[in-house]
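The values are calculated or read from the model by the stated rules, or taken from the named source; none is laboratory data. This structure is a prediction, so every number in the text was calculated from the model and none was measured. For neighbour counting, all protein chains shown are included, and Cβ atoms are generated from backbone atoms with ideal geometry for every residue, glycine included. Protein only, heavy atoms only, side chains kept; ligands, DNA and RNA dropped before computing areas. Shrake-Rupley method; radii C 1.70, N 1.55, O 1.52, S 1.80 Å.
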Amino acid sequence: MERYETEEQQVEAIKGFWKENGTAIIVGVGIALAGLFGWQQYNEMAIEGKETQSMAFQIALEGIDSEEGLSKASAFAKENTDSGYAILTSLVAAQKAVENKDFDAAKMHLNMAVSNSPSVAIADLAKVRLARVENQLGDTAGALATLDSVASASFSDQVQEIKGDIFLAIKEFDKAKEAYDLVLAEQPDNRIVEMKLSNLNYAATEAAGVAQ
């Protein structure tokens, strides 16, 4: 089974799978979630076998890049909160909003994804993305609180890396180093985090020099 290292890759996998397997929506979404994410709880998602709902989901997803795509996706998610389609739509809509630098809209979609999630693992995927958006909006405390609420161990490395980024930005260098070290303890070959740690050491040295 292929491993997806980031939540961005996971959401892209959902979109790619849908485009290739739209006609097999009811079986396909279940297989995609099980195969891509390894979530044994995927069968808890209440994906109803109504042709009109699956068609509406396909239209919402395929039209996400249109001028009114995000608003239509939001409306679809709100109208179908009792189905697994809602969270998939919200995740993709949030990603599109981030690409458009509409972080308020992204936050709304991700909160919807968390609220509609039937699974802890799926909710945690949305929370990791939500924390990034909250930090982008300047809500450092909110982002850290969201990260602290992530329960799935499979997201621990991503959680610690984002915490390191946040602590570095607010110049809490000791906490940033602790977070990055936790990532490297599990992923010793993570070159990106190694680079962040090097930049952290330089920033801390510079800050200490200014303080003197």
#### Entry: Scan of the stretch 62-90 for residues that are closer than 18 Å to Ser115 by Cβ, out of contact with any helix residue (DSSP H, G or I) (no Cβ under 7 Å at 6 or more places or on another chain) and at pLDDT below 70, ordered by number
Asp82
### Residue check for Ser149: farther than 30 Å from Glu206 by Cα, at pLDDT 95 or above and not aromatic (Phe, Trp, Tyr)
yes
### Message
If the requirement is being open to solvent by less than 20 Å² (accessible area, probe 1.4 Å) and within 30 Å of Gly84 (Cβ to Cβ), which of these qualifies: Ala151, Ala143?
### Response
Ala143
### Message
One residue is enough: does the stretch 171-189 have a residue meeting the conditions under 14 Å from Thr140 (Cβ atoms), basic (Lys, Arg) and either surrounded by fewer than 21 Cβ atoms within 10 Å (Cβ to Cβ) or in contact (Cβ under 8 Å) with a residue 40 or more places away in the chain (or both)?
### Response
yes
### Message
Out of everything in the stretch 108-140 that is assigned to a helix (DSSP H, G or I) and of a type in the set (Gly, Ala, Ser), what residue ends up being surrounded by the fewest Cβ atoms within 10 Å (Cβ to Cβ)?
### Response
Ser115
## Note on the structure
Apart from one, (1) assigned to a helix (DSSP H, G or I); (2) at pLDDT below 70; (3) in contact with a helix residue (DSSP H, G or I) (Cβ under 7 Å, 6 or more places away or on another chain) all hold for Ile31; the odd one out is (3)
### Message
Just to be sure before I move on: is Ile192 in a helix (DSSP H, G or I), open to solvent by less than 50 Å² (accessible area, probe 1.4 Å) and within 23 Å of Glu134 (Cα to Cα) in the structure I sent?
### Response
no
### Query
Do we find that Ile59 is assigned to a helix (DSSP H, G or I), open to solvent by less than 10 Å² (accessible area, probe 1.4 Å) and at pLDDT below 85 in this structure?
no
### Query
Limited to the stretch 89-107, what total is found for residues that are open to solvent by 10 Å² or more (accessible area, probe 1.4 Å) and part of a helix (DSSP H, G or I)?
8
